[in-house]
Structures are given as structure tokens and as C-alpha cells.
1. Could you go through the range 154-164 and let me know if any residue there is surrounded by fewer than 18 Cβ atoms within 10 Å (Cβ to Cβ) and not hydrophobic (A, V, I, L, M, F, W, C).
2. Tell me, please, whether a residue that is without any contact (Cβ under 8 Å) to a residue 12 or more places away in the chain and on the phi < 0 side of the Ramachandran plot can be found in the range 218-228.
3. Can you pull out every residue in the range 12-55 that is closer than 22 Å to ALA115 by Cβ and among the hydroxyl-bearing types (Ser, Thr, Tyr)?
4. So VAL189 passes all but one of these: (1) under 21 Å from ILE36 (Cβ atoms); (2) among the β-branched types (Val, Ile, Thr); (3) not in a helix (DSSP H, G or I). Which condition number does it fail?
5. Being closer than 30 Å to GLU57 by Cβ and touching a strand residue (DSSP E or B) at 6+ places or on another chain (Cβ under 8 Å), is that true of even one residue in the range 237-250?
6. Output yes when any residue across the range 239-246 is touching a residue at least 24 places away in the same chain (Cβ under 8 Å), among the aliphatic types (A, V, I, L, M) and in a helix (DSSP H, G or I), and no when none is.
7. Can you tell me which residues in the range 254-286 are in a loop (DSSP other than H, G, I, E, B), at pLDDT 95 or above and not small (Gly, Ala, Ser)?
Amino acid sequence: MVRCVYFPYPTPRVTDETRNAISGYEPRYAWFFDDIRKDIEEFASARRISRAQALSEATGQPLADRQYPMYFTGDLDAQFVLVHLNPKQADDAAETVFPVRTFEQYFDVHRNWGARMYGSDGYRKFKSRFDRKQVRFVRPFNVIDFGPDDSEDGLLRNLERVVDNKLQLELVPYGSDTFNAKAFAVAGVKAHFQRVLRVIAATNRKYVLFCGAVFGPLIGDSVTKTHRFNLKRKDGALERASSEFSNLSIPYEGRRIPAGWCRSWARQGIPMESYAGEVVNRYGSD
């Protein structure tokens, strides 16, 4: 999950480049943009998101309805897609003061999230452990041109690349500190799942990965094969604990979406590059 930290600078700007990017994506994602726009415009005027309130009441989960939602970060057309549960956010988080008031500003921020955080003109002071974990995980797939990260500048450039050159989707775009798996039975959560699938199906993808065992209630019936293995630690020894990865074939509007379920993604202390290597070797192996 991405931690929702919004900084007051650099101020989001809507340039011709931003408008052209939106226009380029629009034939495939106009419906998605309209969905996001509803939340952004409501929050800008009322300082609260009613859909977050309604889902919180339906699930019994405390979701952030006074914060900007996080539907995606990165390139909507990316061949590599990671799906996470929802943004990590303290339940008592104060209302955000980030100056986003239009969809165009929101798009500019989230399409270029990595550049805003780690780029030469960005914030550059907050190096997310989560994003470092993503670099270690994504590197073995050879879908992003990473450079060496043995210097401060190299690390920042790789952090920028891993955020902006893939697509990350949040199942539920509203933040929370925890999210009980029982909430997946609620129709509203299933509707969010259909939104995620529709985005994924909008263009060809090379890798689609659901991260975390928590997705079981939604994708468990789509498992075609499960792999269990012991990963190598940095010292070359095998871990005692086994890790899991499952191949998926998810039904969607008369077709099936091939994907993978990284069930061990959130396991504490997992050697992430070793895990990614096993996933690469087994993706599509069913």
C-alpha cells in the first residue's frame, strides 16, 4: 500500500503536457477519469467524500473520507501492474491541505508521483521503505530500465522510475490503517474490484500482480495453480518458512485476464528479489 503523504510543494500545475497526456489516455479511460472526478470535485467543495463515508458504514472499516483518494500512480498503459488493497493511512489522519482542486491537477500529481517525490525538482527528502521494496521486487522482471543505486542520486532515480514507469492500482482508493478481510463480502468492495479489472483490461499487459494474501476472497476462485517454495536468503541459505505464488485466470466480461497472486508479498523479512525471481519463473506457467 502507498502511504498517502501529500506535500504542499511543488504546486500541481496543469500544462499542455498534462492536457495532452489526459487526451492520450482518454479513449481507454474516460469512464475512469469521470469516476475519479466525482470524488475530487466533491472533496474540493465539501471537504468530504460521500462514497468513502458510505463504504466505511457498509464495511465497518474506518476509511478516510476527509483525505484525497488514491486510485492510481504511474502510467495507466504500463505493461507491469501491481494491485494493492488501499492506501496506508492512520485512522486519525488530519484533513489534507494539499492544493488539488481539479481532476487535471490530481492527474498531474498521480501520473508523476515518483517525479514529485524523488525527481530533481521534487521533494527528495522522504525515501519510502515501500518504494525501496518495490525496486527490489520489480527489478528481476526487466520491465523498467533501472540504474545502479549505490549512490544517493542513483537511489532517487530508481525510486522515481519504479513509481512512474509501472501502474499501481488501489482496490479501495480511500485510506485506512487496517482493513478487515470480512469487508470483502460487501457489494461496494466488489464494485471497486470490477473497476480495477476494467482498468487492467483496457490495454495489453505483460504482468498483472495482486499483492498480499488479503485478496483471497476476491480472487481465490480464479487460482489455476499454486506454487510453494523456500527462498534463498542473502547468505545463500534457504529460508525455513515457505513462500507462495499463484497463477490466476480471472473472468471478466466474457474473457479471462491472466494474472498472478503474490500471496507472500507482505510477509515480514521476505527476501524480495529472491521472491520476485520465483514469481518471474512461474508467471503464466499454468
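1. yes
2. Yes, the range 218-228 has at least one match.
3. Once the filter is applied, which keeps residues that are closer than 22 Å to ALA115 by Cβ and among the hydroxyl-bearing types (Ser, Thr, Tyr), the range 12-55 yields THR15, THR18, SER23, TYR25, TYR29.
4. Result: VAL189 passes all but (3).
5. Checking the range 237-250: at least one residue is closer than 30 Å to GLU57 by Cβ and touching a strand residue (DSSP E or B) at 6+ places or on another chain (Cβ under 8 Å).
6. Within the range 239-246, not a single residue is touching a residue at least 24 places away in the same chain (Cβ under 8 Å), among the aliphatic types (A, V, I, L, M) and in a helix (DSSP H, G or I).
7. Within the range 254-286, ARG263, TYR283 meet the criteria.
Residue by residue, here is whether (1) surrounded by fewer than 11 Cβ atoms within 10 Å (Cβ to Cβ); (2) more than 21 Å from the chain's Cα centre (by Cα); (3) at positive phi holds:
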| site | (1), (2), (3) |
| --- | --- |
| LYS234 | yes, yes, no |
| ARG240 | yes, yes, no |
| ILE250 | no, no, no |
| ARG255 | yes, yes, no |
| ARG263 | no, no, no |
| GLN268 | yes, no, no |
| GLU273 | no, no, no |
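The values are calculated or read from the model by the stated rules, or taken from the named source; none is laboratory data. Just so we're clear, the structure is a prediction, and the values are computed from it rather than from any experiment. Positions of Cβ are generated from backbone atoms using ideal geometry, with glycine treated the same way; all protein chains shown enter the neighbour counts.
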